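Worksheet for the structure shown next.
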Amino acid sequence: MRLPDRHLADDLEKSVRMQFSIIVPVFNEAPLIRPFLQHLRERAPEAEIIVTDGGSSDGTDRLALGFCDQLVASDRGRARQMNTGARAARGDVLWFVHVDAEVPQGCLNEISRIMDDPNVVGGYFRIRLPRGLVYRLTDSFAHYAGILLRMRCGDHGIFCRRAAFLDIRVQYSERRIRVSPRRYEVVGRTRLTLAYGVIATLYVFGVPLSALARIYRRVCCKECEVIAPNA
């Protein structure tokens, strides 16, 4: 009988030892919720899956029943929903994932590998948008600008230790999490890429976060309200 590869066995042992809670904030995502949760269960079968619904009116919450471990009601707002899900989670590691993402194979083993370093409190995946020059520039810009500014967006699949509240060290994975281009398609690929670049530049020069939030809502959100209200 062939014994399992030592490194593979070590990875499996780590993923079993470390308990994961995946938190998915949603609002009016009826067409995506079941296929996504099925995909998530296939890629991360050992994890606890928590859906935090922000008051959907299209039956998203009902459709999620039976496809997740916990369905939690929350006030609308991605940050509020993520915090609500975190409070309900039982895992040692919290992983925040958007409903329109495609997580990579071996995702839990990859997170375990990163979190095995006791100095690391969390991390994230690099993003992968569809083919196209603007999209290649966008995901590269998002990666390196994020390193420079020490900030990340939810599309990156951020994960962290449950008990960690202060940033000791965050590590990124070279594995890619495939994200949906639906906001880019609605707002415009070039427009949204430039908007993100402008907001990042203004942040470097100390523009108040309240002003950046107003720019973001005006440029990046208005067109998405009807088609993708939780994008």
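Before moving on, here are some points about what is shown:
- Candidate set from the stretch 114-137 (those that are at pLDDT below 85, surrounded by fewer than 16 Cβ atoms within 10 Å (Cβ to Cβ) and not aliphatic (A, V, I, L, M)); member that is farthest from residue 103 (Cα to Cα): 132
- Qualifying helices (runs of 4 or more DSSP H) (wholly inside the stretch 24-111; at least 1 residues being hydroxyl-bearing (Ser, Thr, Tyr)): 60-64, 78-88
- Taking every residue in the stretch 204-215 that is farther than 22 Å from residue 79 by Cα and pairing it with any residue that is surrounded by fewer than 12 Cβ atoms within 10 Å (Cβ to Cβ) and hydrophobic (A, V, I, L, M, F, W, C), at least 6 positions away or on another chain, the pairs with Cβ-Cβ distances below 9 Å are 204/148.
- The stretch 68-84, residues that are farther than 13 Å from residue 48 by Cβ and either of a type outside the set (A, V, I, L, M) or without any contact (Cβ under 8 Å) to a residue 24 or more places away in the chain (or both): 73, 74, 75, 76, 77, 78, 79, 80, 81, 83, 84
- Close pairs from the stretch 85-110: first surrounded by fewer than 22 Cβ atoms within 10 Å (Cβ to Cβ), partner basic (Lys, Arg) and in a helix (DSSP H, G or I), Cβ under 7 Å, at least 6 apart: 100/182; 105/43
- Residue 20 vs. criteria in contact with a Leu (Cβ under 8 Å, 6 or more places away or on another chain) and at pLDDT 95 or above: yes
- Meets criteria (under 22 Å from residue 182 (Cβ atoms) and modelled with pLDDT of 95 or more) for residue 61: yes
- Residues satisfying the criterion are present in the stretch 29-44 (criterion: open to solvent by less than 20 Å² (accessible area, probe 1.4 Å), closer than 21 Å to residue 123 by Cα and at pLDDT 90 or above).
- Candidate set from the stretch 170-188 (those that are more than 12 Å from residue 102 (Cα to Cα) and of a type in the set (A, V, I, L, M, F, W, C)); member that is modelled with the lowest pLDDT: 170
- Applying a threshold of 9 Å to beta carbon distances and a minimum spacing of six or more residues, or different chains, the list of pairs starting in the stretch 10-26 at a residue that is under 14 Å from residue 44 (Cα atoms) and ending at one that is modelled with pLDDT under 50 reads 12/4.
- Scanning the stretch 61-93 for residues that are more than 17 Å from the chain's Cα centre (by Cα) and of a type in the set (A, V, I, L, M) turns up 63, 64, 65, 71, 72, 73, 88.
- The stretch 207-217, residues that are assigned to a loop (DSSP other than H, G, I, E, B) and either open to solvent by 60 Å² or more (accessible area, probe 1.4 Å) or in contact with a Leu (Cβ under 6 Å, 6 or more places away or on another chain) (or both): 208
The values are calculated or read from the model by the stated rules, or taken from the named source; none is laboratory data. Every value quoted in this text rests on a predicted model; they were computed, and no experiment measured them. Note: ideal-geometry Cβ built from the backbone for every residue, glycine included; neighbour counts use all protein chains shown. For the accessible areas, the whole protein counts, side chains as well, though only heavy atoms, and no ligand, DNA or RNA atoms are used. Shrake-Rupley method; radii C 1.70, N 1.55, O 1.52, S 1.80 Å.
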